[in-house]
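Here the structure is laid out as structure tokens; the discussion comes afterwards.
The values are calculated or read from the model by the stated rules, or taken from the named source; none is laboratory data. All values reported here derive from a predicted model rather than from experimental measurement. Every residue, glycine among them, receives a Cβ derived from its backbone with ideal geometry; neighbour counts consider all protein chains shown.
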Amino acid sequence: MQAALPSAEKNSRHFPVKHSWKIAVLANIKDEKQPKPEGVPPDVFAEFDRIETINALRAALETDGHTTVFIPADRNLPYALREEKPDICFNLAEGLGGDAREAQTPALLEMLGIPYTGSRVLANGISLDKTLTKRIWRDRRLPVAPFQEFLNGDEPLRPELKFPLFVKPSREGTGMGVDLNARVNNEKELRERVSYIVSAYRQPALVETFLPGREFTIGILGRADAKLYSRHPEWYEKDGFHRFPVLEMDASHAPSPWIYTHEAKSKEVGADGHLGYFCPANIEPDLEKKLKSLALRAHQLLGALDVSRTDIRLDEEGNPRLMEINTLPGLAPDYSDLCLQAKAENIRYEDLVLDILYLAAGRWGMIKPREAEGKQNQRR
Ligand SMILES: Nc1ncnc2c1ncn2[C@@H]1O[C@H](COP(=O)(O)OP(=O)(O)O)[C@@H](O)[C@H]1O
Ligand SMILES: [Mg+2]
């Protein structure tokens, strides 16, 4: 048997890592100093990562003896991958343009046969499209607010959609296209907002019933056989999944009714104008159980892999309604919701990131499952 890495040994004696891998971190980076191109919405690069996040992620991966390289997920990516020849990629790439940008990098990696973390092509493509996602959930009776997609804005409004309504781009994230005018109160405001979204974001507008209640986000980590690959099998429940503590947006200082706008999302945690949050949320055990089970079902129905974060809001009657799932949740330490949820239960950033890596490596056959390894040892 090859020797385990010294650092892996320190962290978990039984963990079967045998190699130091070359890991490529793939992401699109925000260059805040660069002027924005003309004719694009003001929040066009909102989904992109800051270089500090990439550096923190690389440092975390390196704590377990791996080497890392950052490759920008731009049009040069195929050539850079050929040059760098990584063993596995840690995927944070948002992609560039088109109708399923978050699926671009996974699709390329599948074609090149390079292992990578997290969800694969289909789940990343569908989850970026909030309308398609909601159709899938609705088909399996998961609770979503009534909705309708507008391709141009002239379509008649379906009778089940009652004002106030909420309008957002169907295929964006990080609050893109969401400001205080996203809530519309009458037909005139609706038509104006839909045509703004369709023309500025060049994509359909998703119109939903406005959900006036509390807002939560719930992270999921794992899969049925997670315990076999994790450095922390104790995190995972019998079904192989870890449910992070529920995070609630703190709307107590926001005007009512409030929404989590792009502007609020862009603020540093604790800064003026940042909403603030509670984690774990102060909620009844029944609601907590319901939210966690909805987040898990949302993850499974979409075919998400290893990690995701689902946003849920309460309707007028206090019933949870799924808004969207993030199959590529942000990983900015002390900032991204998933990292805040992990921190709330004393899961270190390094451990979170390394588990995402090893869950993927297990799927791609790069490490042996813990049990099989144990049995092999017994035979010797
Ligand atoms: N139907 C809705 N009713 C009320 N608020 C909503 C609704 N849909 C979205 N929002 C608000 O807009 C924010 C962003 O919407 P979301 O669907 O999570 O997109 P993303 O986070 O990808 O930009 C939510 O966090 C929530 O505050
Ligand atoms: Mg969201």
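Which numbered condition in (1) crowded, with 23+ Cβ neighbours inside 10 Å; (2) more than 16 Å from ligand 1 (Cβ to nearest atom); (3) under 14 Å from the mean Cα position of the chain (by Cα) is the only one that Gly303 fails? Result: Gly303 passes all but (1).
Residues in the stretch 60-93 that are under 21 Å from Pro329 (Cα atoms) and part of a strand (DSSP E or B): Thr68, Val69, Phe70, Ile71, Pro72, Ile88, Cys89, Phe90, Asn91. Taking the stretch 63-82, which residues are surrounded by 18 or more Cβ atoms within 10 Å (Cβ to Cβ) and acidic (Asp, Glu)? Hit for the stretch 63-82 is Asp64, nothing else. Looking at Ala107, Ala103, just one residue is modelled with pLDDT of 95 or more, in contact with a Gly (Cβ under 9 Å, 6 or more places away or on another chain) and surrounded by fewer than 20 Cβ atoms within 10 Å (Cβ to Cβ), and that residue is Ala107.
Taking the numbered list (1) more than 17 Å from Pro280 (Cβ to Cβ); (2) away from ligand 2 (no atom under 16 Å from the Cβ); (3) touching a residue at least 12 places away in the same chain (Cβ under 8 Å) in turn, Arg348 passes all entries but (3).
Residues that are at pLDDT below 85 and either touching a Phe, Trp or Tyr at 6+ places or on another chain (Cβ under 6 Å) or within 27 Å of Lys265 (Cα to Cα) (or both) occur at least once in the stretch 46-69.
Of everything listed in (1) in contact with a strand residue (DSSP E or B) (Cβ under 8 Å, 6 or more places away or on another chain); (2) on the phi > 0 side of the Ramachandran plot, the single unmet condition for Gln203 is (2). Residues that are more than 12 Å from Glu208 (Cβ to Cβ) and without any contact (Cβ under 8 Å) to a residue 40 or more places away in the chain were ranked within the stretch 168-189; the one that is nearest to ligand 1 (Cβ to nearest atom) is Pro169.
If the condition is being of a type outside the set (D, E, K, R) and touching an Asp or Glu at 6+ places or on another chain (Cβ under 8 Å), then the stretch 71-108 contributes Ile71, Ala73, Leu92, Ala93, Gly95, Leu96, Ala100. In the condition set (1) of a type in the set (Asp, Glu); (2) within 16 Å of ligand 1 (Cβ to nearest atom); (3) surrounded by fewer than 20 Cβ atoms within 10 Å (Cβ to Cβ), Glu350 is compliant with all but (2).
Yes or no, residue by residue, for (1) away from ligand 2 (no atom under 16 Å from the Cβ); (2) buried (at least 20 other Cβ atoms within 10 Å of the Cβ):
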{"site": "Leu211", "(1), (2)": "no, yes"}
{"site": "Thr217", "(1), (2)": "no, yes"}
{"site": "Gly222", "(1), (2)": "yes, yes"}
{"site": "Asp225", "(1), (2)": "yes, no"}
{"site": "Glu237", "(1), (2)": "yes, no"}
{"site": "Ser252", "(1), (2)": "yes, no"}
{"site": "Pro257", "(1), (2)": "yes, no"}
{"site": "Phe278", "(1), (2)": "yes, no"}
{"site": "Leu287", "(1), (2)": "yes, no"}
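Of all residues in the stretch 240-272 being touching a helix residue (DSSP H, G or I) at 6+ places or on another chain (Cβ under 8 Å) and over 28 Å from Val184 (Cβ atoms), which is farthest from ligand 1 (Cβ to nearest atom)? Out of the qualifying residues, it is Gly240. Of the set (1) within 16 Å of ligand 2 (Cβ to nearest atom); (2) within 19 Å of the chain's Cα centre (by Cα); (3) not assigned by TED's automatic domain parsing to the domain that holds His262; (4) not charged (D, E, K, R), all apply to Ile136 but (1).
Let's see how each residue does on (1) more than 15 Å from Trp137 (Cα to Cα); (2) more than 16 Å from ligand 2 (Cβ to nearest atom); (3) free of Cβ contacts under 8 Å to residues at least 12 places away in the same chain:
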residue	(1), (2), (3)
Glu268	yes, yes, no
Leu291	no, no, no
Gln300	no, yes, yes
Gly303	no, yes, no
Thr310	no, no, no
Met323	no, no, no
Tyr335	yes, no, no
Leu338	yes, no, no
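Restricting attention to the stretch 165-196, the residues being modelled with pLDDT under 95, surrounded by 20 or more Cβ atoms within 10 Å (Cβ to Cβ) and among the β-branched types (Val, Ile, Thr) number 1.
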